[in-house]
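Reading through the C-alpha cells given below for one structure.
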Amino acid sequence: MYPFLSLFGLSIPMYGLCMFFAILIAIIYSSLKARKKGICFEDVLIVAAFALGSAILCGNLLYIAVTFSFSQIISFIKSGDFSFITSGGIVFYGGLIGGIGGAFIGAKVAGTKLAEFDDIVVPCLPLCHAIGRVGCLLAGCCYGMEYYGPFSIYYKNSVFGLASNIGHFPVQPLEALLDIAIALFLFHYAKRKRPPFFILCKYISLYAIMRFCTEFFRGDSVRGIFGALSTSQWISIGLLATSITIRLLIKHKKRSNI
C-alpha cells in the first residue's frame, strides 16, 4: 500500500502519522468533554500521559512476547542485540490493558477519580483505533488471510514484504468500520449517566466479541497461536468474561445500597 509519506525530503511512516492524529483527536475530544464536566484540563493530561506511556510499553511487550520465542529473546540478550525491543511492533490488547493500568496510576497522581473519565475518554477509543487500523492498512501489517473475492487487497509496497500478486482479506478496513460502529454506539450510550466504569466495560465487551470474530480472517503470523485460537482470541475471552463480571458486581452493589 503506502507505508511512507514523502514530505520535504522526509520519509514519514503512515502508521505513525495515523497514530499521531488518533492521539490528537482523543486529546481534543477529552479536553472538550472535561471542560463541560468542570474537570481540570491538567488532570486530563496527567491521566492521558500515564495511560499513553503505559499503553506503548505494554503493547510493545506483548508484541515481543507473541513474535519471539523465549529462547530467541535470551539469545538476543546474550549477544547484546536489543534491536528486538525497538522493532516497533505494538499489539493493541497489550496497549489497552496497559493503558487502563496507566490511567489508574495517572488518576492517583492527579488526585482525581478515574471513574470521572469513563464518559470522557472511552467513547473516542474505538474511533481512534479505527484510525490506527487505517495506518495498519497503509503499512501492510495486521493483514488478512489469502483471499481473492470482492474487496481483496494486494500489497505492492508492504513493509512486511508481502507478494504483490497475492490477494488478502480486507480485515483492517472491516475492523475500522466495526470500530466506528462501536464508537457511534458508545457516543449515544454515554449521553445518559451510567454507573462507574459501565461505559468501559461495555466497550471492552463489544470490542472483545468483534475482535474474536475478525481474528478468523487474519493472515499474519505475528498473532501467535495457542491451540485452535490466536493470542488475541484468548485475551478476548478473558476480557469479555472480566467485563461482564465487573458489570454484574457493580449492579449487585448498586442494588445492595438501595
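The values are calculated or read from the model by the stated rules, or taken from the named source; none is laboratory data. Not measured: the values here are computed from a predicted model. Cβ: placed from backbone, ideal geometry, glycine included. Neighbour counts: every protein chain shown.
See the values below:
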read-out: All positions within region 154-198 that are of a type in the set (S, T, N, Q), free of Cβ contacts under 8 Å to residues at least 40 places away in the same chain and surrounded by fewer than 15 Cβ atoms within 10 Å (Cβ to Cβ); value: Ser164, Asn165
read-out: Hey, Lys254 farther than 25 Å from Ala130 by Cα and at pLDDT 85 or above or not; value: no
read-out: Filter result (of a type in the set (S, T, N, Q) and more than 19 Å from Thr112 (Cβ to Cβ)) within region 1-56; value: Ser6, Ser11
read-out: Condition check for Ile28: without any contact (Cβ under 8 Å) to a residue 40 or more places away in the chain and either closer than 18 Å to Leu137 by Cβ or surrounded by 14 or more Cβ atoms within 10 Å (Cβ to Cβ) (or both); value: no
read-out: Single residue of Ala48, Ala65 found to be surrounded by 15 or more Cβ atoms within 10 Å (Cβ to Cβ) and at pLDDT 80 or above; value: Ala48
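Here is a yes/no grid of residues against (1) of a type in the set (Asp, Glu); (2) over 25 Å from Pro13 (Cβ atoms); (3) in contact with a Lys or Arg (Cβ under 8 Å, 6 or more places away or on another chain):
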| position | (1), (2), (3) |
| --- | --- |
| Ala110 | no, yes, no |
| Ala115 | no, yes, no |
| Ala130 | no, no, no |
| Tyr154 | no, no, no |
| Ser164 | no, no, yes |
| Gly167 | no, no, no |
| Ala176 | no, no, yes |
| Ile182 | no, yes, no |
| Leu186 | no, yes, yes |
